[in-house]
Amino acid sequence: MSTTANDPAAPKKGGLSDLRKVFGGGQSSLRQFGILGSLIVIILIFQIWTGGLTLSPTNLINVVNQYSYILILAIGMVMVIIMGHIDLSVGSVAAFTGIIVAKSMAEWNLPWPWAIVLGIAVGAAIGAWQGFWVAYIGVPAFIVTLAGMLIFRGGNQFIGQSTTTPVPQEFGIIGAGYLPELAVPLNFNVLTMILGVVGAGWIVWNEVRARRVQQKMGSERAPMWVSVVKVVVLAGVILWAAWLFATGRPGTSFPISGIILVALVILYSFITNNTIFGRHIYAVGGNRIAATLSGVKDRRVDFFVMMNMSVLAAIAGMIYVARATASGPQDGNGWELDAIAAVFIGGAAVSGGIGTVIGSVIGGLVMAFLNNGLQLIGADADVVQIIKGLVLLFAVGVDVWSKSQGRPSILGIWGNRRKARLQTEAPDEAPTTVPGTQSNLSSQPEDARRP
Amino acid sequence: MKLNTEQHALLEMRSITKEFPGVKALSDVSITVHPAEIHAICGENGAGKSTLMKVLSGVYPAGTFTGEIRFRGELVEFRDIRASEHAGIAIIHQELALIPELSVTENIFLGNEINHGGRIDWVAQKARALDLLARVGLDEDPDTQIKHLGVGKQQLVEIAKALAKDVKLLILDEPTAALNEDDSQHLLDLIRGLKGKGIASIMISHKLNEIEAVADRITIIRDGHAIETLDVHAGGVDEDRIIRGMVGRSLESRFPPRTPSIGDVFFEVKDWTIQHPQVPERLVAKGSSLNVRRGEIVGIAGLMGAGRTELAMSIFGRSYGNYLSGTIMKDGKEIVLKDVESAIEHGLAYVSEDRKQLGLNLLDTIKRSVVAAKLTKIAKAGVIDDSQEFGIAEDYRKLLRIKTPSVEAGVSKLSGGNQQKVVLAKWMFTDPDLLILDEPTRGIDVGAKYEIYTIIRALAAQGKGVILISSELPELLGMADRIYTVFEGQITDNIPATEANPEALMRSMTSAKKKANA
C-alpha cells in the first residue's frame, strides 16, 4: 500500500504514540511523556541518594500531605494558562478562604461540613469577581489577579487581625486524615489496597474498552503487546504505590487530601478531555478568533475558568488549614508560583492552547519530589530554592529550544523521529494500518461527486 | 558594464521568479522604471504585485528568488528592508507602519535618528521634520502624536519619513485605498510633485482612474507573469484597455462542469448597513441587499477593501462591525442572528478567508477540528462521545480526500489545500443550509483548487445555498450562477453568470455607477 506501513518500525511507532495517549491526546502529549520520564529519573536519583528513603511509606505519605494543595492549584492553573491567562491570586485566595472557614467554626460555631460548603462558596464568589473583570471588562488576568493577591492577602490579615485562628479537630480530617483501618486481621490498610485494586482494574477495563472502540471505528490500533505492557506497567505502579501507602506506620495510610486530589484529577481530566466546555478551553486558548467564529462564547469560558481557579484555591486553602490546625496570616504565600511552575514544567505553553491536567500534576510531582529529596539529603532551604528555579528554567528552556528545532522534548527526542514521520504529510494514498480501508478510499461517495 | 544604456533606467528587475511551496507567485517577471517616472503596476488580487514589491524591497531577501535587480545601474542584493532603504528605495504599505503613541517627528526619524554618539539631536530633528512636512504639504505641529492625525495625514507622514531617508524610488501600495476624495487628490498631486523633483514612484492601485491620471507607464501583471507595459503618453490607454490586460485570460477547464438545479429563494438579506468597528463614520456595508436560492452558487466580486468579507462576517452572527440596520430572512421568516452560535443554529456556515488566523486552531488534531463547530452533535449533557469523533473525521477524510496518514495528526502539518478541506469538513459537519465561502482557494495550488471546486459543486447539488467570495474573476465566472459586485460597501450590480464577463464585472467593481437590482 505505502512505504510507511511496510516500514518494519511501523508497529513500534503506533505503540509509542499509543503509550503517549495515556497522558492526553493532541500534540501536548509528547511533552508530558518526556516530563514523566524526568519524574522517574528524579525519583530514582533520590531513591539511591537517600538510601531508599524517598520511596518509603512514611515519606510518600509525607509528600502527599505536603504537596496535595499545590497539585490541586496546578489543576486549576493549567486551565487558566491554556486560556492564555495567569492567576497570581491563588495563594491569597486560599488564605482568605482559610481564615473565613476557621472563623466560621471558631466564632460562629458553624459545623465543619457547612464550613466547607461556605469555603467553596467564598471561592466561587471571589472567582466570579475576578472572572467578571477578566471576561467582561477585559482587564488582563495578570492585573486582576495581582490586585486579587493584594486584596485577599489584606483581607485575610484584616479578618484574622494578623494572628492565627485555630480550627476544630474534626475539621483536620481533610488535611491530616487517613483512610480508616477496617477491623480485619491483616497487617496492611485494607481500604488503601482496595483503592489500589480498583485503580488497577480501571486501567485494565479502560484499555479493553478503548481497544474495542478502536476496532469498531476502524481506527489504527496499537499491537496487542503494547497494550499489555502498558496495562501491566501502569497497574503495577498503582498497586505497588498502594502497597507502600497501605504498609506505613500504623494509623497512617493513604491521606484523605490525596483522595481529594485524585478525585479532582479524574474529574478535571474528564472535563478537559471529554466535555464541550473542555474543548472550548483548548479552542479559545489555541485560537480565540477561530473559536469565536465557530460559535464559542469566549468570554463565558474566560469567566468560568477564572472562577473555577478560585474554587480550587479555596479547597487547597481549606486542606492546608486543616493540616496546619489553624489559619494564619502567611498561609499560601508563594503558592501561585509553585502552581505556575508545575504547570509549565508539565508542558503547558506560555502562549496558551497547550497543556493537560495530568501533565501539570506530573510537573507538580517533579517539584514535590525534588523539594522532598533535597530536604531528605539535608539541603538548606536556600539551596532548594536555587535548584527549583534552575529546574524550572531548564525544563521550559529545553522545551522551547526543542520546539524551535522541531523536537518535542528532551526525553521525547528518542521517540521523535518516528512520530515526526507519522505527522508529516503523507504521499498520495494515505497509509492506513487497517486492512480494507483502501477499498473505502475509492468507494462511492467521491467518485459519484466527481463527474 | 553597459553603463550607457543602464543610465537611462533607475530600476531594472530582470527575470524575477519567486516560488512558494506549491505556488509559483512570480515567473520570469521583468520590469524597468525610468528616473522621475510614475510607474503603475496593475493586476488582480493575487496576481503577484505585492510579491514583486516585496522582492524589490528586500522583504524576501536576495537568494530566496531568482533573477537580478539593478538599481541606479548597479547590481543589488538586498538582505532586508534596511538594505533597500539604504540604497534609496522606500516602500509605503497599505497598512501604515507608524507608531500611534509617538510624535510625528519621532516617527519620521524612527530607526534613522539624527544623533551624536547615540544622543538624539532633537533640535535638528524638529527643524528637519518641519522642512519635510512642508515638502509633503502637511501643516501640522511635528510634536503631534500620530494617533491624532487622520489616515490621509498619516500617509503624508509616511512619505515624509521616506524622504528623510533620501529616497530615490518610492513604492506605494494602494496609497489611496483608505483615503477620501480630497486626501487622495492631495496625495496624487504630491506624488506628481516628487516626480518633478526627480523621485520616481512605483504605484500599486486598484483605482484605475487614478492610475490613468498620474501614471507615465503601466505594467500589467497577471498570474505571476508581466503581461505588458503600456505607455500612457503614447495614447490609447484607458480603463477598458487596462482591464482587458488584467483579466485577459481564457477560462480553461479549471472548473468541474455545473449541473444547476436551482430552487427558490430561501435566504435574503435586506438593506444591510454595518458600521466599521473602530471608525463609526465609515460604513462597511451600505444598505446592501442580496438573496440566495437553493442549490445556487452566488458569487461576490469586489476589490480588496470593498467590504466583501465585512459583509459576510456581519451576516454571520454579527461577527464584524456594528450592526445598524437590515434584516435577514430565511425560508420566508425573519431571523435574528445576534451571535455566531445562533448563526450556526440557523444553518449558516462561514469559511473565512484566512484559515490560519480565523479558521483553525493550529494546535489541534484533524479529528478534533472537524467536530469543533458543532460539538453538541456528538455530545450528551455536555460530555463528548469521542468514539464517534474518530469515525466522523474518518468519513470526511475519505469524502474530501484529505491527504494525511491519520486523522489524529495535527492540522498544522497539513498543506494549505488539505487544511482548507478540514475547514470545509468542519462546516459541512454543522449541516448548514447556506455556506459562505470567503476566498476558499486562496493560497492553494491548482490541483487542490479543482477538488475544492468539486466539493462546492456537490454541496450546491445537495440543495444548499453557497455564497462564494473571491478576488479571482475567473473563479467566480467559472463557479457562480449569479454574481454580485461590491464597491465601497455597496452592492453595485447583480449579474447572471451567463451574461457576465470580466470587463463588465471589473467596471462594476471599480465604480458605483449602477445601482443594484437585487
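The values are calculated or read from the model by the stated rules, or taken from the named source; none is laboratory data. This is a predicted model, so every value here is computed, not measured. Counting neighbours? That spans all protein chains shown, and the Cβs are built from the backbone with ideal geometry, glycine included.
Look through region B:387-408, keep the residues that are of a type in the set (S, T, N, Q) and within 7 Å of chain A (Cβ to nearest Cβ), and return whichever of them is farthest from B:R368 (Cα to Cα).
Going through region B:387-408, the residues of a type in the set (S, T, N, Q) turn out to be B:387-388, B:404, B:406.
Okay, now just the ones that are also within 7 Å of chain A (Cβ to nearest Cβ), so B:387, B:404, B:406.
Numbers: B:S387: 12, B:T404: 14, B:S406: 12 Å.
Of everything passing the filter in region B:387-408, B:T404 is farthest from B:R368 (Cα to Cα).
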For this session: Give, as residue ranges, the strands (runs of 3 or more DSSP E) completely inside region B:285-384 that count at least 2 residues that are surrounded by fewer than 16 Cβ atoms within 10 Å (Cβ to Cβ) and at pLDDT below 95.
Result: B:322-330, B:333-335
Problem set entry | Lone unmet requirement of (1) outside any helix (DSSP H, G or I); (2) of a type outside the set (A, V, I, L, M); (3) closer than 19 Å to A:I82 by Cα for A:T252 | (3)
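Conditions (1) surrounded by fewer than 24 Cβ atoms within 10 Å (Cβ to Cβ); (2) in contact with a helix residue (DSSP H, G or I) (Cβ under 8 Å, 6 or more places away or on another chain); (3) modelled with pLDDT under 95, marked per residue:
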residue	(1), (2), (3)
A:V78	no, yes, no
A:N109	yes, no, yes
A:W112	yes, yes, yes
A:A124	yes, yes, no
A:V144	no, yes, no
A:M149	yes, yes, no
Exercise. Filtering region A:202-228 down to residues that are in contact (Cβ under 8 Å) with a residue 12 or more places away in the chain and under 30 Å from A:I61 (Cβ atoms), which residue is nearest to the other protein chains (Cβ to nearest Cβ)?
Worked result: A:E207
Exercise. Would region A:316-337 turn up any residue that is farther than 20 Å from A:I259 by Cβ, assigned to a helix (DSSP H, G or I) and either within 14 Å of another protein chain (Cβ to nearest Cβ) or of a type in the set (G, A, S) (or both)?
Worked result: no
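So is A:W133 at pLDDT 90 or above, surrounded by 17 or more Cβ atoms within 10 Å (Cβ to Cβ) and not small (G, A, S) or not? Before the answer, list the steps.
Working: at pLDDT 90 or above: yes; surrounded by 17 or more Cβ atoms within 10 Å (Cβ to Cβ): yes; not small (G, A, S): yes.
Yes; evaluated as a whole, the condition is true for this residue.
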For this session: Just need a number here: residues in region B:34-53 that are at pLDDT 90 or above and surrounded by 22 or more Cβ atoms within 10 Å (Cβ to Cβ).
Result: 5
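Could you list, in sequence order, all residues of region B:264-284 that are farther than 28 Å from B:V151 by Cα, buried (at least 18 other Cβ atoms within 10 Å of the Cβ) and not aliphatic (A, V, I, L, M)? I'd like the intermediate steps shown before the answer.
In the first step, residues of region B:264-284 are kept if they are farther than 28 Å from B:V151 by Cα; the result is B:264-271.
Subsequent filtering for residues that are buried (at least 18 other Cβ atoms within 10 Å of the Cβ) retains B:266-267, B:269.
Result: B:F266, B:F267.
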Exercise. So B:E212 fits all but one of (1) outside any strand (DSSP E or B); (2) under 15 Å from B:H93 (Cβ atoms); (3) assigned by TED's automatic domain parsing to the domain that holds B:R244; what number is the exception?
Worked result: (2)
Exercise. If you scan region A:342-352, which residues turn out to be in contact with a Ser or Thr (Cβ under 9 Å, 6 or more places away or on another chain) and in a loop (DSSP other than H, G, I, E, B)?
Worked result: A:G346, A:G347, A:A348, A:A349
For this session: Identify the single condition in (1) away from chain A (no Cβ under 14 Å); (2) surrounded by fewer than 24 Cβ atoms within 10 Å (Cβ to Cβ) that B:Y484 does not satisfy, given that it satisfies every other one.
Result: (2)
Problem set entry | Residues (of a type outside the set (V, I, T) and over 18 Å from the mean Cα position of the chain (by Cα)) located in region B:485-506 | B:D493, B:N494, B:P496, B:A497, B:E499, B:A500, B:N501, B:P502, B:E503, B:A504
Exercise. Filter region B:413-427 for residues that are within 8 Å of chain A (Cβ to nearest Cβ) and assigned to a helix (DSSP H, G or I); which is modelled with the lowest pLDDT?
Worked result: B:K413
Exercise. Name the pairs: first residue in region A:239-260 and over 19 Å from A:I203 (Cα atoms), second residue charged (D, E, K, R) and not in a helix (DSSP H, G or I), Cβ to Cβ under 9 Å, at least 6 apart or on different chains?
Worked result: A:P250/A:E181; A:G251/A:E181; A:S253/A:E181
For this session: State all residues of region B:397-412 that are more than 25 Å from A:G353 (Cα to Cα), in a helix (DSSP H, G or I) and not hydrophobic (A, V, I, L, M, F, W, C); if no residue qualifies, say none.
Result: B:K398
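Table: residues versus (1) of a type in the set (A, V, I, L, M, F, W, C); (2) without any contact (Cβ under 8 Å) to a residue 60 or more places away in the chain; (3) in contact with a Lys or Arg (Cβ under 6 Å, 6 or more places away or on another chain).
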{"position": "B:K449", "(1), (2), (3)": "no, no, no"}
{"position": "B:I452", "(1), (2), (3)": "yes, yes, no"}
{"position": "B:I455", "(1), (2), (3)": "yes, yes, no"}
{"position": "B:L459", "(1), (2), (3)": "yes, yes, no"}
{"position": "B:E472", "(1), (2), (3)": "no, no, no"}
{"position": "B:V486", "(1), (2), (3)": "yes, no, yes"}
{"position": "B:N494", "(1), (2), (3)": "no, no, no"}
{"position": "B:E499", "(1), (2), (3)": "no, yes, no"}
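Being under 21 Å from A:L53 (Cα atoms) and outside any helix (DSSP H, G or I), is that true of even one residue in region A:388-396? Don't jump to the end; show me each part of the working.
Keep residues of region A:388-396 that are under 21 Å from A:L53 (Cα atoms), which gives A:388.
Now narrow it down to the ones that are outside any helix (DSSP H, G or I): none.
No; the residues of region A:388-396 include none that is under 21 Å from A:L53 (Cα atoms) and outside any helix (DSSP H, G or I).
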For this session: Considering every residue within region B:435-455, establish whether at least one is in a helix (DSSP H, G or I), within 11 Å of chain A (Cβ to nearest Cβ) and hydrophobic (A, V, I, L, M, F, W, C).
Result: yes
For this session: Kindly indicate whether any position in region B:223-233 is in a helix (DSSP H, G or I) and more than 30 Å from B:A461 (Cα to Cα).
Result: yes
For this session: Identify the single condition in (1) of a type outside the set (S, T, Y); (2) modelled with pLDDT of 90 or more; (3) over 21 Å from the mean Cα position of the chain (by Cα) that B:A480 does not satisfy, given that it satisfies every other one.
Result: (3)
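Quick grid of which residues meet (1) among the aliphatic types (A, V, I, L, M); (2) in the same structural domain as B:L52 (by TED's automatic domain parsing); (3) closer than 30 Å to B:P61 by Cα:
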site	(1), (2), (3)
B:A124	yes, no, no
B:D143	no, no, no
B:L156	yes, no, yes
B:D183	no, yes, no
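Restricting to region A:247-278, and then to whatever is within 17 Å of A:S360 (Cβ to Cβ) and aromatic (F, W, Y), can you tell me which residue is farthest from the other protein chains (Cβ to nearest Cβ)? Talk me through it step by step, then tell me what you get.
Of all residues in region A:247-278, those within 17 Å of A:S360 (Cβ to Cβ) come to A:258, A:260-273, A:278.
Still in the list and also aromatic (F, W, Y): A:268, A:270.
Working: A:Y268: 14, A:F270: 8 Å.
In this case the residue turns out to be A:Y268.
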Exercise. Only one of these conditions is not met by B:I120: (1) under 22 Å from B:L194 (Cβ atoms); (2) in contact with a Phe, Trp or Tyr (Cβ under 9 Å, 6 or more places away or on another chain). Which number is it?
Worked result: (1)
For this session: Working only within region B:316-363, note down all residues that are basic (K, R) and within 10 Å of chain A (Cβ to nearest Cβ).
Result: B:R355, B:K356
